[in-house]
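Chemist: Sharing a structure here in structure tokens format.
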Amino acid sequence: MQLLAKNRRFQLCLGVVLVIVAIGVIGLLQERGVITVTLDPNKKTGYRYEPPSSTHVFGCDVFGQDVLAQLVAGIGNSLMVGFLAGLIGLLIAFAVGGFSAYIGGLTDETVNTLTNVFLVLPIIPILIILSASLKERSLYTVAGFIGLITWAGAARSLRSQVMSLKERNFVNLARISGKSTTSIIFNEIFPNMLSYVFISFCGMFGGAIMAEAGISLIGLGPTTVATLGSMLHWAIATQSIHIGVWWWFVPPGIVLISFTGALLAMGSVIDDVLNPKLRGVV
Amino acid sequence: MSLKKITGKLKSPFAFFVYKKLLFLFVAIFISMTFTFILPRLMPSSPVDIMIGKIAGGEASSIGQTTQTGSGIGASRLDVLRAIYMEKFGINQPLIVQYFDFWKRFFTMDFGLSYWRYPTPVSDLIMEALPWTLVLVIPVVPIGFFVGNWIGSRAAYHRGKVDKALYYVLMYLSQAPYYWFALIFMLVFGVKLGWFPIFGAYDIDRWLYPVLTPDWILDAAWHYALPFLSLVGLGIGSTGVGMRAMTLYEMESDYIQYSKQLGFKKSKLRKYSERNAILPNFTWLPVVLSSLVGQTLLVEYVFGYPGLGNLAFQAVFNMDYPLIEATFISAVGIVLVGNFICDILYGILDPRIGSSYVGGK
């Protein structure tokens, strides 16, 4: 932990993540009417395609709505989708990867095949066919869909962790002393792989935000709220790029890239610090 | 047990290897198709409800976002309409019958007529779009593989700041939002500089259909540049990360250390380590392919490229369910078949993989 705190790269990444999360929280609170920081994202406050100025920092979109206000709201909703999807995915991954590896045998074989299949399945086409079957999709539905299909990578890495941990002496001791399987998994194995769980979560969080933006890009994301992806969708659908309105779609992309990039880098730094063997490699 | 029996029959270990991979291909197709058959049917609303909603509720402002403005159609007539659609989609059948129908459509590749471009058969639309997607997907894999391997191994040789920076760039490239890069390329090279066209796969004002004349090929290549550029980073990034790690691992290994002691030239050492590091990288390809297909669909939508991605968008937008199903099957098909080909290639290139099945497990 001390090593982590001193790591310059970690500080930088954590800083980026925290700033964006803070903006996201503001966005979510504002949507629920708790506080007011930016202009109303759903009202016409400027004129069509107004370039960035001091009142509209990122200018206005085709409807004359403030882009910054949309961005703040979009970050909140996108992070929410990503966080929930990551959480759902992690639960599935842990249930699938963790338990099956500990139990072993036929269960493990079956589950492993299933994991391998889900690992190669393309996320976007599956999301398209799932989303197309619903008329209205809330933030939670989309998060559920994403979580349901992106767990495979994490399941595989957690599985290999459990595989190595379950042969350790302290686990054997617990087994001999008659503890139940569930208790061993949660009390002995789980605490020892928390860092891996966290790294997996970082990866899935970032991946889910990206998946949400991708599916929203073609207009199949949440229909009830605006996200970073839906901003891109409307920018494309109204052909704003063709007339060079960069301020509408560049900011959401930059937020998307810096947030997911920082999460990824954070995961690898944690891996680096906690794994002396890897030190210097990453 | 049964596996052992078959191993006995299949004399060559390589045949067994292929057999095992084929088995995985079928299992993967079965699981993915069943999964996507069941999930939409667990949803509270059915495609019919959405269609009825569209007819009854007037205009659809966006996909799925119907504004209920009321209409003149009475409720009883809507029920009749619903029954007709239920019949048409086969949703009034028991689930198991629907499931068999689904597989029948899958094996015969007969998805009926498209609603969106009635009366063109869905399979014709797919065959029209599939080449465009393949043309985008296929070159990215080998090009990304070679360039990624080259950059990855260079990064591993030159440890230090450059390596660290390269590592983060490569790692990020393996998971970046390529649809956004596509937008940026479109803005910079298409709109601001005007070097490349920003819509379609060829000039539709000059040619109604693709014709294989030099003129047309040149024009198609010109349209191809930006979508391709937006996607190629994905292949480079994913293989680059793997190659870097593998090269580092090989450089630390005993045989390289020993050769170093013997005073081998650096270039010789690199050649050895590179050869050994490239092979495990093959196992990355299926994962690369999987995310590549997804990103390709999105990039196609951005550029209006007439591939599967655009077709899927049109299908969803026009609620053409047979077409949605068919585009989905094609996209998953590309990934799974590509995955199978990669596995087999790996087995051919690395004899250890094929022969490891000799003894069986």
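Chemist: Subtracting the Cα-Cα distance from 0.36 nm times the residue separation, let me have the gained length for B:Lys266 to B:Tyr19 in nm, one decimal.
Modeler: Between B:Lys266 and B:Tyr19, full extension yields an extra 84.8 nm.
Chemist: A follow-up question, please. Which one of B:Leu187, B:Ile256, B:Tyr202 has its Cα pushed farthest toward the positive end of the charge dipole of region B:184-258, where Lys and Arg give +1 and Asp and Glu give -1 at the Cβ?
Modeler: B:Leu187
Chemist: Considering only protein heavy atoms, what per residue accessible area in square angstrom results for region B:132-174 with a 1.4 angstrom probe?
Modeler: On a per-residue basis, 46 Å².
Chemist: Still on this structure, please answer the following. Which FRET efficiency, nearest 0.05, do A:Thr113 and B:Phe100 yield, Cβ-Cβ r, R0 22 Å?
Modeler: In this case the efficiency is close to 0.40.
Chemist: Another one. Say a site is exposed when it is one of the trypsin sites (Lys or Arg not before Pro), sits in a DSSP loop, and has at most 13 other Cβ atoms within 10 Å; what is then the longest site-free stretch of chain A?
Modeler: For trypsin sites (Lys or Arg not before Pro) (loop position, at most 13 other Cβ atoms within 10 Å), the longest site-free span of chain A is A:49-167.
Chemist: Using a loss threshold of 40 Å², tell me which positions in region A:217-238 are less accessible in the complex than in their chain alone. Probe radius 1.4 Å, ligands and nucleic acids ignored.
Modeler: For region A:217-238, once contacts with the other chains are taken into account, A:Leu217, A:Ile218, A:Thr223, A:Ile236 lose 40 Å² or more.
Chemist: Taking a ≥ b ≥ c as the square roots of the Cα gyration tensor eigenvalues, with a/c under 1.5 meaning rounded and otherwise prolate when a/b beats b/c, else oblate, which class fits region B:122-359?
Modeler: Prolate shape, in that a/c is at least 1.5 and a/b is the bigger ratio.
Chemist: Then there is this: Using a probe radius of 1.4 Å on heavy atoms only, what accessible surface per residue do you get for region A:191-241? Whole Å² is fine.
Modeler: That works out to 25 Å² for each residue.
Chemist: Does the protein assembly as shown classify as rounded, prolate or oblate by the C-alpha gyration tensor (a ≥ b ≥ c root eigenvalues; a/c under 1.5 gives rounded; else a/b over b/c gives prolate, otherwise oblate)?
Modeler: Taking the square roots of the gyration eigenvalues as a ≥ b ≥ c, the protein assembly as shown is rounded.
Chemist: Pop the C-beta distance of B:Arg117 and B:Ile31 into the FRET formula with R0 = 35 Å and round what comes out to the nearest 0.05.
Modeler: My answer for the efficiency is 0.65.
Chemist: Which aspartates and glutamates, on any chain, are close to B:Lys260 with Cα under 17 Å apart, when same-chain ones fewer than 8 places away are left out?
Modeler: B:Glu250, B:Glu252, B:Glu274
Chemist: Another one. Please give the total accessible area that chains B and A bury against each other, computed with a 1.4 Å probe and expressed in Å² to the nearest 100.
Modeler: What B and A bury together is about 5200 Å².
Chemist: A follow-up question, please. Using the structure shown, select from B:Lys161/B:Lys268; B:Lys21/B:Lys266; A:Lys135/B:Lys20; B:Lys192/B:Lys271; A:Lys6/B:Lys265 the pairs with a Cα to Cα distance greater than 32 angstrom.
Modeler: Result: B:Lys21/B:Lys266; A:Lys135/B:Lys20; B:Lys192/B:Lys271; A:Lys6/B:Lys265 exceed 32 Å.
Chemist: Given Cβ point charges of +1 (Lys, Arg) and -1 (Asp, Glu) and nothing else, what value in debye, to the nearest 20, does the dipole of region B:122-359 about its Cα centre take?
Modeler: Its charge dipole is roughly 1620 debye.
Chemist: Still on this structure: Between A:Asn42 and A:Ala95, what is the label-point separation in nm under the 7 Å Cα-to-beta-carbon projection?
Modeler: 3.4 nm
Chemist: Residues of region B:288-307 with accessible area at least 10 Å² lower in the all-protein-chain context than alone (1.4 Å probe)?
Modeler: Buried on complex formation: B:Ser290, B:Gly294, B:Leu297, B:Leu298, B:Tyr301, B:Val302.
Chemist: Kindly state, to the nearest 0.05, the FRET efficiency for B:Ile143 paired with B:Trp222, given R0 = 22 Å and r defined as their beta-carbon distance.
Modeler: In this case the efficiency is close to 0.75.
Chemist: When the accessible area of the protein assembly as shown is computed with all protein chains present and a 1.4 Å probe, what percentage of it is carbon and sulfur?
Modeler: The value for the protein assembly as shown is 67 percent carbon and sulfur by accessible area.
The values are calculated or read from the model by the stated rules, or taken from the named source; none is laboratory data. Quick caveat, the model's predicted, so the values are computed rather than measured. Glycine gets a Cβ as well: all are built from the backbone with ideal geometry, and neighbour counts include every protein chain shown. Each accessible area value is taken on the protein alone, full model and side chains, heavy atoms only, with ligands, DNA and RNA left out. Shrake-Rupley method; radii C 1.70, N 1.55, O 1.52, S 1.80 Å.
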